[in-house]
Structure formats: structure tokens, C-alpha cells
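Okay, handing you the structure first.
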Amino acid sequence: MENIYDIVIVGAGPAGMTAAIYAIRANMKVLMLDRLAPGGQMINTNEIENYTGAGKLSGAELAIKMFEHTQELGVEFDYKTVIDIKNGGPLKTITCEEDDTVYKARAVILATGTVPRRLGVPGEDDWAANGISWCAICDGAQYRDKEVVVIGGGNSAVEESIYLAGICTKLTIVTMFDLTADPKACDLLRKMPNVTIYPYQEVLEFTGTERITGVRFKSTKEDATERYAPCDGVFEYIGFSASSQAFANLGIVDRTGCIQADTRMTTSLPGIFGAGDITVKHLRQIVTACSDGAVAANSAAAYVESLK
Ligand SMILES: Cc1cc2nc3c(=O)[nH]c(=O)nc-3n(C[C@H](O)[C@H](O)[C@H](O)COP(=O)(O)OP(=O)(O)OC[C@H]3O[C@@H](n4cnc5c(N)ncnc54)[C@H](O)[C@@H]3O)c2cc1C
């Protein structure tokens, strides 16, 4: 007999786990799937200091707490990589890589998140999440009265640089092209007294022995001048990749691969919902992912009830 769920949640990061908690408390038959250990990007986060009420704790600790919460409530979890989703009207089909496993569900919540792009230069892996960060709001406070380098020149890089320049003593921006962000934000950043901008540069390596100590980069112009910016920390903003390959053909993602969802987290396809970083949104944080998960589960449960 086919195993039919009310709601299948793809992704067990904070969005997926919160969706699972809200869905099971709405009396839904719930299955949560993740290709990796539950926790999503929290697993790779050294310290979390901005999740309301939790104080200071490691990403792994918060991931375990959230997962235990889902298990106490009886959420079914399976390690599976979802490779395809078919929107077959009232029953959706979720196909996984492992043994061609197929699940059927009345509603699906997609909470597969994004992955920050990396430069792939020497030293990057050595200092990832321990000197190199992808989130100024999360880690910026550690660099009060210190020197940082920001890599990138788009909207995220410029907005986060404005935020960081208010915290640290010196901020150096190294970017492949010129600043491409909103002109007003660029003007504001250029006027900040502790900011130096190096456009048309290629990062060569991150240096350090016991901690990160600087960034070596060179001009992409004919002179190819090499420079070195000493620093206590680096923030990389060179874009992100949306984890939406499994459902890219459903017509619910934009050109960046992110899901277009409304304030109820519904997509243009009835019964298919988005939550967390994979949706088009302004602030990608644990707390906003959890919020999306709660809203998506509430909408998905109402949708399932409407089918009865
Ligand atoms: C280095 C770093 C530090 C951060 N620090 C903080 C912080 O201090 N505070 C804060 O609030 N935010 C922080 N963030 C942001 C925060 O981690 C994210 O906003 C949050 O994790 C997004 O949650 P999510 O559930 O939407 O996605 P994710 O956490 O990305 O989880 C998505 C899950 O989906 C799974 N998945 C993807 N595709 C598939 C598939 N095809 N099949 C099965 N499973 C799949 C993934 O394995 C993953 O477990 C940080 C981010 C980074 C990168």
C-alpha cells in the first residue's frame, strides 16, 4: 500500500523543523526529509547569538534542540535526497535518490535553503566559519574595534559593509568589478571615513597561521599590482546558490532559483509551499526561517483540511 502523508517537508533546517512542529500540532501526518543531518546551515555556524531567548550557543546545539523538539512531538524523519517533485493535482509525488524511494503527499513544504558561493582560493577552507564569515548580522559584533575585509561589490556586500563599518575600525572592500549595488548605498559607503574600496581585484589567498591575518589580491587591470590587506576577519558576499534543482521545473522559482511565495508562503501551485532561505526574501536568518516555517505549515494544514 502506498504511504500517503498529509504534508512532506523537504529540508530539515530551521524552516523545515519549525514547519514540522506546527504541522504535527495541527494533527497532520508529517514526514520531514533531509539529505544531511538535521540543522541545515546552523550545523556550520560556530556561534549563534541572535536567536531570541537562546542566548549564546553553537549552531550544532541549536540544531539538536530543534530536532529533539520535532522528535518529542513524533515527527517522522528520513535521510533522503529529493531529486524530483511532481505536482499531480491533489497528490504530489516526491522522488528521492536513495533506492528510487517515492512518497505521496497532499501538500509539500519546500525548505531546502541556499548555499553561499565561495571563491575557492587557498586558505578559504582553513578559516571558513572561523575568521571567514558569510553573515555580518550573525558575526559582525565579534569585530568591534577590529579590521575586516569584505569580498564583493553587490547589494549584500555594500549593505553589510555599511553595517560592519559602523562596528569595526577599518573596513577594506575587495571586489571583482566596481560597486554594483544601489547607487545611494554606494555613495553612503564611499563617504564612510574608515572604508577603503579596491575595485577590479581578484582574491589570491587568505593568509594566517593560528588565525586569519589578511587577504592577498591583485588588480585585474593591465598593471596586475598585488596588494595585501591585513585583517582580523573576512566577510564574503559573492552571491549564493539556491538548492532548488529538485523542483526547478515546477515554474515556481525566479531566475536566481528562489521560490516566489506570498505572505502565507503559498506558491502559484496549490498545495506547494515555500519556507526559509529558499524563498525570495530580504533577511535570511534563523528566526525568519522559523517564522516562514510556521506560516507555511499553517497554510499547508488549512489546504489539506480544505481537500476533505
Ligand atoms: C556561515 C553562516 C553563519 C550563519 N550564522 C547565523 C546566525 O548566527 N544567526 C542567524 O540567525 N542566521 C545565521 N545564518 C543564516 C541561517 O543559517 C539561515 O538563514 C538558516 O539556516 C536558513 O534556514 P533554512 O531552513 O531556510 O535553510 P537551511 O538551513 O539551508 O536548511 C536547508 C536544508 O535543506 C536540505 N536540502 C537541500 N536540498 C535538499 C534536497 N534536494 N533533498 C533533501 N534535503 C535537501 C539541506 O541539506 C539543509 O539541511 C548563517 C548562515 C551562514 C552560511
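Where a number appears in this text, it was derived from the coordinates with a stated rule and is not lab data. Just so it is clear, the model here is predicted, and its values are computed rather than measured. No Cβ is skipped: glycine too gets one built from the backbone with ideal geometry, and neighbour counts run over all protein chains shown.
Please label the shape of region 70-117 as rounded, prolate or oblate, based on the square roots a ≥ b ≥ c of the eigenvalues of the alpha-carbon gyration tensor (a/c under 1.5 means rounded; beyond that, a/b larger than b/c means prolate, else oblate).
Because its axes are fairly even, with a/c under 1.5, region 70-117 counts as rounded.
Which of rounded, prolate or oblate describes region 180-308 when judged by the alpha-carbon gyration tensor and an a/c cut-off of 1.5?
prolate
Using packing as a proxy for protection, rank 126-134, 269-277 so that the peptide with the highest average count of other Cβ atoms within 10 Å comes first.
Ranked by mean Cβ neighbours within 10 Å, highest first: 269-277, 126-134.
Compute the Rg to Rh ratio over region 124-236 from the alpha carbon atoms, using the Kirkwood formula for Rh, and round to two decimal places.
Here the Rg-to-Rh quotient is 0.94.
Could you please report the charge total around residue 237, scoring K, R as +1 and D, E as -1 over all other residues with beta-carbon less than 11 angstrom from its beta-carbon?
Summing Lys/Arg as +1 and Asp/Glu as -1 gives -2.
Can you give the FRET efficiency for residue 3 and residue 178, using 1/(1 + (r/R0)^6), R0 = 35 Å, r = Cβ-Cβ distance, to the nearest 0.05?
After rounding, the FRET efficiency stands at 0.05.
Report the Cα-based extents of region 1-115 along its three principal axes, largest first, to the nearest Å.
If we take the Cα atoms of region 1-115, the spans are 45, 29, 20 Å.
I've got another one for you. R0 = 30 Å: FRET efficiency of residue 167 with residue 264, Cβ-based, nearest 0.05?
The pair residue 167/residue 264 has a calculated efficiency of 0.25.
Evaluate the relative contact order of the chain (contact order divided by residue number), counting alpha-carbon pairs under 8 angstrom at least 6 apart; express in whole percent.
Relative contact order here is 22 percent.
Indicate the helices, whole DSSP H runs only, in the chain that combine a mean Kyte-Doolittle hydropathy of -0.5 or more with a Cα extent along their long axis of 24 angstrom or more.
Answer set is 286-307.
Two decimals, Cα atoms only, Kirkwood Rh: what is Rg/Rh over the chain?
For the chain, the value is 1.03.
Say each of residue 241 and residue 86 gets a label point 7 Å from the Cα, pointing the same way as Cα to Cβ; how far apart are those two points in nm?
With each label point 7 Å from Cα toward Cβ, the separation is 2.8 nm.
What cysteines in the chain have no other cysteine with a beta carbon less than 4.7 Å from their beta carbon?
When partners are defined as cysteine Cβ atoms under 4.7 Å apart, the chain leaves 96, 168, 186, 231, 258, 290 without one.
Moving on. Tell me, what HN-Hα J-couplings in whole Hz come from the Karplus equation 6.51 cos²θ - 1.76 cosθ + 1.60 at θ = phi - 60° for each residue of region 37-52, using x for Gly and Pro?
Values, residue by residue: 5, x, x, x, 5, 4, 4, 9, 9, 4, 9, 10, 10, 10, 9, 3 Hz.
Hey, which lysines would be in cross-link range of residue 80, C-alpha to C-alpha under 22 Å, not counting anything within fewer than 8 residues on its own chain?
Leaving aside lysines fewer than 8 places away in the same chain, those within reach of residue 80 are 29, 65, 92, 104.
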